[in-house]
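K.L.:
This structure is in structure tokens; I'll ask about it shortly.
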Amino acid sequence: MKIDYSKINDVIGEITMVVEESDYAEKVKKQLKEIGKKHAEPGFRPGKVPAGLIAKKYGNAVKYDEINKLVGDALFEYIKENDINVLGNPIPDKGNTINEDANEFTLKFKVGVAPEFDVKADKEVTIPYYNIEVTDEMIDRQDNALRSRMGKQQPGEEVDATALVKGVITELNEDGSVKADGVVVENGIVGPAYFKSEAQRDLFVGKKVGDTVVFNPAQTCEANPAELSSMLNLPKEEAEKHQGDFQFEIKEIIVLKPAELNEEYFKEVFGDDVKDADQYREAVKKMIQTSLKGDQNYRFSIDAKDVLLNNVGQVELPDEVLKEFLISRNEGLTAENIDEQYEGIRNQLVWDLTKDKLAKKLDVKVEEDDLLNTARLLARNQFAQYGMANVPEDAVEHYASEILKDEKARASVYNQTAEMKLFQTLQGVVTLDEKNVSVDDFNKLFLSDDNAETEA
């Protein structure tokens, strides 16, 4: 088989393939022989059908299939061996035909080629990096959250924001009297903190054992059948019928007592390194800073993208070839609507090419240890969501290894790792214009992004 490649311009090339009979004849003969072994024909058992009859009936179809396979394999092998950086897939020329009466075929394929451009990444490139300032208020909130998670439930004197309230729930008539044959839940329990109605929540706050509260269960949960069913101890379809008021006779109040600031608590949360209140607050501050690092790095990735793409400038792409390729692969895309979708696709492709070139330039490679580190980070974040900041290393290792065993999860971890490692490396190469900002000012940066997109 003869294969030639010629450049039409900097980003479009053409591959010409001349397929001769000697390239496919043996494959066709072998395939027809296999058909003869398995297929029966009128008057002939499998394996006894004359070769001429098999060739006459199946020859052209087999020839067509074998040439298609041969061309496809040869085409992609040629692209690989010649290191042609193709975007999308080769597009067959409209004039390509496989004439069943011919033995030699000339086939042409148009290919879009990745453009050559440079990505500048050195100390002359300045990119902003925003450090979020950790305030005492943020430390106090995190402290309250940690102590609540580590706290214990105990009997309380009055209902507060954390309380679970136990008692008798009794259905009322519209005039406020007890409804005869109405619903009565002897061992009722509610958590006002979880009510969706603030007005219903306020009815309970401050009440004591022995008090009676008139409330509306349906309003506490926006009449959610599952929640109403649980509160009234009724089947869902039955619970939905009870939308009126009930009274709650408070028999017991359970409140959450936050963990005390003592050495036992410090050790449980942070291990042996933290021994007093000052060290504890500093550790909480570092915990917050660590949790904010991901947001800060995400912001850096946005700003880095803007700076790098601005430095790259306009990039030539094989637009028409890519449009044709996209139409061939997506049922919803046509020649009439492709332009509406293409600009966004084009911008993402330019960024992907920029990242690839940057990764090669900075020699960024993803190793197995990198994947494991990312999986460990994901594991620790998952534990942290449940207030488990001092998880044993063997538990983290086990959870991380389980993540990487799942094929889809592993692919996701790989993509996250590649991007994180790229931007981490970039931070050490460019000049960082570091700025200390409040949480509010940091969040406003993203509002500016939204406004810019709207204006664009």
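The values are calculated or read from the model by the stated rules, or taken from the named source; none is laboratory data. Given the structure is predicted, the values throughout are model-derived calculations rather than measurements. Counting neighbours? That spans all protein chains shown, and the Cβs are built from the backbone with ideal geometry, glycine included. Ligands, DNA and RNA are stripped out before the accessible areas are found, and what is left, the full protein with its side chains, is counted by its heavy atoms. Shrake-Rupley method; radii C 1.70, N 1.55, O 1.52, S 1.80 Å.
K.L.:
Being free of Cβ contacts under 8 Å to residues at least 60 places away in the same chain, under 18 Å from ALA145 (Cβ atoms) and either in contact with a helix residue (DSSP H, G or I) (Cβ under 7 Å, 6 or more places away or on another chain) or of a type in the set (Ser, Thr, Tyr) (or both) is true for just one of VAL274, VAL269. Which residue is that?
P.N.:
When all the criteria are applied, what remains is VAL274.
K.L.:
Here is a list of conditions, (1) over 39 Å from the mean Cα position of the chain (by Cα); (2) free of Cβ contacts under 8 Å to residues at least 60 places away in the same chain; (3) open to solvent by 70 Å² or more (accessible area, probe 1.4 Å), and GLY95 meets all of them except one; can you say which number that is?
P.N.:
That leaves (3) as the condition not met.
K.L.:
Now a separate question. Does ILE139 satisfy being touching a Ser or Thr at 6+ places or on another chain (Cβ under 9 Å), surrounded by 16 or more Cβ atoms within 10 Å (Cβ to Cβ) and over 30 Å from ASN233 (Cβ atoms)?
P.N.:
Criteria not met by ILE139.
K.L.:
Of the residues that make up segment 71-82, is at least one in contact with a Pro (Cβ under 9 Å, 6 or more places away or on another chain) and open to solvent by 30 Å² or more (accessible area, probe 1.4 Å)?
P.N.:
Yes; the residues of segment 71-82 include at least one that is in contact with a Pro (Cβ under 9 Å, 6 or more places away or on another chain) and open to solvent by 30 Å² or more (accessible area, probe 1.4 Å).
K.L.:
Now a separate question. Could you please find all residues in segment 320-338 being open to solvent by 20 Å² or more (accessible area, probe 1.4 Å), out of contact with any helix residue (DSSP H, G or I) (no Cβ under 7 Å at 6 or more places or on another chain) and either in a helix (DSSP H, G or I) or modelled with pLDDT of 95 or more (or both)?
P.N.:
Within segment 320-338, GLU320, GLU324, PHE325, SER328, ARG329 qualify.
K.L.:
Now for a separate question. Kindly provide the set of residues from segment 142-166 that are part of a strand (DSSP E or B), open to solvent by 80 Å² or more (accessible area, probe 1.4 Å) and among the polar types (S, T, N, Q), ordered by number.
P.N.:
Matches in segment 142-166: GLN153 only.
K.L.:
Return the residues of segment 229-241 that are crowded, with 20+ Cβ neighbours inside 10 Å and modelled with pLDDT under 95; say none if nothing qualifies.
P.N.:
ALA239, the sole residue that qualifies.
K.L.:
Would you tally the residues in segment 222-268 being farther than 19 Å from LYS179 by Cβ and part of a strand (DSSP E or B)?
P.N.:
8
K.L.:
Would you check which residues across segment 222-280 are more than 27 Å from ASN173 (Cβ to Cβ), basic (Lys, Arg) and touching a Gly at 6+ places or on another chain (Cβ under 8 Å) and list them?
P.N.:
The one that is more than 27 Å from ASN173 (Cβ to Cβ), basic (Lys, Arg) and touching a Gly at 6+ places or on another chain (Cβ under 8 Å): LYS257.
K.L.:
Here's another thing I want to ask about it. Identify the residue in segment 167-202 that is open to solvent by 50 Å² or more (accessible area, probe 1.4 Å) and polar (S, T, N, Q) and, among all such residues, is farthest from LEU228 (Cα to Cα).
P.N.:
ASN173
K.L.:
Working carefully through the options ASN99, ASN9, find the one that is in contact with a strand residue (DSSP E or B) (Cβ under 8 Å, 6 or more places away or on another chain) and assigned to a loop (DSSP other than H, G, I, E, B).
P.N.:
One residue alone meets the criteria, ASN99.
K.L.:
Select from segment 396-431 the residues that are open to solvent by 40 Å² or more (accessible area, probe 1.4 Å), of a type in the set (A, V, I, L, M) and under 21 Å from ILE288 (Cβ atoms) and list them in ascending order.
P.N.:
MET420
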